[in-house]
1. Going through B:PHE118, B:PHE153, B:PHE187 one at a time, which residue ends up being touching a residue at least 12 places away in the same chain (Cβ under 8 Å), within 25 Å of B:GLY427 (Cβ to Cβ) and surrounded by fewer than 21 Cβ atoms within 10 Å (Cβ to Cβ)?
2. List pairs: first residue in the stretch B:494-509 and within 25 Å of B:TRP423 (Cα to Cα) and in contact (Cβ under 8 Å) with a residue 12 or more places away in the chain, second residue among the charged types (D, E, K, R) and surrounded by fewer than 19 Cβ atoms within 10 Å (Cβ to Cβ) anywhere in the structure, Cβ distance under 6 angstrom, at least six positions apart or on different chains.
3. On the basis of being of a type outside the set (Ser, Thr, Tyr) and touching a residue at least 12 places away in the same chain (Cβ under 8 Å), does A:LEU287 make the cut?
4. With the condition kept exactly as written, say whether any residue in the stretch B:361-368 is within 23 Å of the chain's Cα centre (by Cα) and either part of a helix (DSSP H, G or I) or within 14 Å of chain A (Cβ to nearest Cβ) (or both).
5. Looking at this structure, is A:SER201 surrounded by 22 or more Cβ atoms within 10 Å (Cβ to Cβ) and either at pLDDT below 85 or of a type in the set (Ser, Thr, Tyr) (or both)?
6. Does the stretch B:423-438 contain any residue that is charged (D, E, K, R), in contact with a helix residue (DSSP H, G or I) (Cβ under 9 Å, 6 or more places away or on another chain) and either away from every other protein chain (no Cβ under 11 Å) or in contact (Cβ under 8 Å) with a residue 60 or more places away in the chain (or both)?
7. Read through the list (1) part of a loop (DSSP other than H, G, I, E, B); (2) touching a residue at least 12 places away in the same chain (Cβ under 8 Å); (3) over 25 Å from B:THR288 (Cβ atoms), then give the number of the only condition that B:GLU135 fails.
8. Determine whether B:GLU54 is under 30 Å from B:SER248 (Cβ atoms), of a type outside the set (A, V, I, L, M) and at pLDDT below 95.
Amino acid sequence: MATYLASRVAQAAVVLAGVAVLVFSILQLVPGDPVRIALGTRYTEETGAALRERAGLDEPLLVQFLGWAGGALTGDLGVSFRSGEPVTALILERLPATMSLAGMSILVALLIAVPLGTISALRPRSVVDGVATVVSQAGISIPDFWMGILLIVFVAPLLALPTGGYTPLTEDPAGWLRAVVLPAVTVGVTSGSVLTRFVRSSLLEASGAEHVRTARSKGLAPPAVMAWHVMRNALLPFVTVLGVQLAYLLSGVVVVEIVFSYPGLGELALQAVQSRDFPLLQGAVLLFACVFLLVNLLVDLSYAVLDPRVGTR
Amino acid sequence: MRTPRALPLVATTAGLALFLAACSTGEGVDAEGLEEAPKASASTDEGAGAPAPEGVLVAALANTPDQFDPHVTTSQASFQVLENVYDTLVVPSAEDLTFEPSLAEEWTTSDDGLQWVFTLRDGVTFHDGSELDAEDVVYSYTRIIEEELSNAFRFGTVESVEATGENEVTMTLTEETPNLLANIGGFKGMAIVPSESAELDLATQAVGTGPFELVSTSAGGATLEAFDDYWGEAPGIEGVEYRYVAESAAALTGLENGDIHWSDNVPAQSIEQLDEQEGVELGRTSSTDYHYTAFNQTRPPFDDPDVRRAIALAVDREAVAEGATFGAGTVNQTAIPEGSFWANDYAPFEQDAAAAEQLLADAGAEGLQFSLMVPDSDEPAVAAAQVVASQLADIGVTMTVDTVETGIFLDRQGQGDFDAFSWAWIGNIDPFDYYHAQHITDGGFNFQGYSNPEVDELLTQAAAETDEDARKELYAEAEQLIVDDVSYLYWFNPDVVEAWSSSVSGYEARPDSAVNFETVTLES
């Protein structure tokens, strides 16, 4: 296990280094001059040159890259071009908000997907299955910005919930929950609808396996067959998809964040793109890469726990 | 500074404010102390028994500030916050945007117009407790000039800024600059910061002399508290909590619920509905901004003024303004809005499709095809472009609308890589800002490549003419030529539209879009 972990971490380091080089070089190709954007209607040759120099954008690319990469190794991701604040601080400030939203959204998604998917799989092509299918199709089809606006306009006043913003958990747990619930429902319904379809199909696939037929034929009660022989086998693909969903949510859900004025990482990354704030964008992409690597590692490790055969390979 | 912080309960803030007030006057906190005006200097305190400030105003901004250094930021959202935190030597009045004393109490100009002497107000305190003196003004202006910060160009004719007394600042100019006051007081980008602020990070910390102090900023908003030692009349509220709310449905729902007291996030489509809504006040005034289209005059077909005139004749400006602003805009064939001292009633173009077609035929440009570049961030410009395209189709001109990402738009504009582009200028007050750099040959913003020696001569003269009426006449002449030559095709001045709860009084929407909460009171 230890060697497995060590090799995975080494792999992750190589991937991150590759991501760093790629992000940096691709951003240089993106059209749009950060200095012109920052100065807007006040751009002149002189102010432009002065800003370029202050931001270090006049240095050769290799010097810029080495300076940035060297800092990144020590956790210093440079200074945001747009706001003049350290990138690390900007990201850390928004990380709790994004983690809250991702966590709560996954919770909502599971609360929808597991019961709905299981019921559908138990009675495939029944009326219940039909209703569940329609519900999950609707959840997938409703655009998240539209659902967010509906919740803001109709549900927020009804339940006296805030129409946007974020309150840190450490400051006011009740306020935190009130701020997170509507965005989490918006994201969770979409994710949950996707997962419902997945729970249903992987349960159906697992229940068609030969060992399940054997279990049934030896007279095991259907609920026991479901719990011990079907669900356990269906878990592996499900955990994989869940991991991908979680990593996706952790890298920010831009549209929902904007609709709910939610200060998350997605909105930060969007601002960075619009203002060509290269240090901030590089930092954000690097963080997203870390998140994906970490979640994938956790998913892989969970295989060993869920399926003893994986560990012995 | 980055720690997000929830707004303290009203009672807590009130207690704190009183405690601080009591400390500053060396009195104990007791019931009588509460009645005392919390101001030490009290230079303008007249009416005794002014009510104590009450309540925290929640303001929802449509856009997010980039940072809070007034000399660096160019973001309008930043200035919507900083307007209440910093002061300039002079300020535009709310009525007609003429300049009034602020940190400078009075000023004199030498006979040759090259020396301006400003006398600073006494007893002005910065938020860090230090006193304002001439060195602070010298430091602030020198910082902008020497570090080539965003507004350095406004000091183009300034040779030196010197402290010639504790409270006296002398600016020496290389040539007469009649619009000097607009340059140093038009907006808070020319704010006075303390000379000690070299050690501060002004991007996140603000030390001004304004009615409110910036106490915290976070990803989702910023919090201001009333400044007890403010030199002017004390604010009527305890503080302002800014929230960045990009979604207008959320801002308007918050306004209805009472969660939000004020917002500038009012889409033109909802004006009618809000106007009738109880509990919500709508503020609307014609702004100093303007929308325009510029044609690339350095290459065919738009190097021929008649082709540009044909376009100007073919369009129905009312329909364009309506399509872009849903009625919240005023058609104008020049840049300067009606109501300004500098405005002229000049509107030579009347829609005439036949004349337009004739002009095109004479210029050999029948079946003209061109592309109009529009930045995606400018929704009214994008909407206006669609209307223009359909109108031009009627005279056989094919205009494709090329909506591009704003960063790329700026690149292409700078490189002259366009047939035509539409955009808007915001926040101008003096005619120099409206016309000079946009239309003088090789001007910094003359991306369209306009060149008319007569206009150059008039603009150069006007820039240095100190007699106001003569100056207005010069600009009027230049303006007519610019309009006749269609250096810009001017469309309309959009309205400033803001909405606030009926519990807010003393607020007004200003033509320069400045958001000032100094005189606002809040009913609980």
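1. Testing whether each residue is touching a residue at least 12 places away in the same chain (Cβ under 8 Å), within 25 Å of B:GLY427 (Cβ to Cβ) and surrounded by fewer than 21 Cβ atoms within 10 Å (Cβ to Cβ) leaves just B:PHE153.
2. B:ASP495/B:ARG284; B:VAL497/B:ARG284
3. Criteria met by A:LEU287.
4. No, the stretch B:361-368 contains no residue that is within 23 Å of the chain's Cα centre (by Cα) and either part of a helix (DSSP H, G or I) or within 14 Å of chain A (Cβ to nearest Cβ) (or both).
5. On the way: surrounded by 22 or more Cβ atoms within 10 Å (Cβ to Cβ): no; either at pLDDT below 85 or of a type in the set (Ser, Thr, Tyr) (or both): yes.
Against the criterion (surrounded by 22 or more Cβ atoms within 10 Å (Cβ to Cβ) and either at pLDDT below 85 or of a type in the set (Ser, Thr, Tyr) (or both)), A:SER201 does not qualify.
6. First, pick out the residues of the stretch B:423-438 that are charged (D, E, K, R): B:430, B:433.
Pick out the ones that are also in contact with a helix residue (DSSP H, G or I) (Cβ under 9 Å, 6 or more places away or on another chain) and you get B:430, B:433.
From what is left, the residues that are either away from every other protein chain (no Cβ under 11 Å) or in contact (Cβ under 8 Å) with a residue 60 or more places away in the chain (or both) are B:430, B:433.
Yes, the stretch B:423-438 has at least one match.
7. The failed condition is (1).
8. For B:GLU54, the condition - under 30 Å from B:SER248 (Cβ atoms), of a type outside the set (A, V, I, L, M) and at pLDDT below 95 - is met.
The values are calculated or read from the model by the stated rules, or taken from the named source; none is laboratory data. In this text, all values refer to a predicted model and were calculated from it rather than measured experimentally. Reconstructed Cβ throughout: ideal geometry from the backbone, glycine too, with neighbour counts over all protein chains shown.
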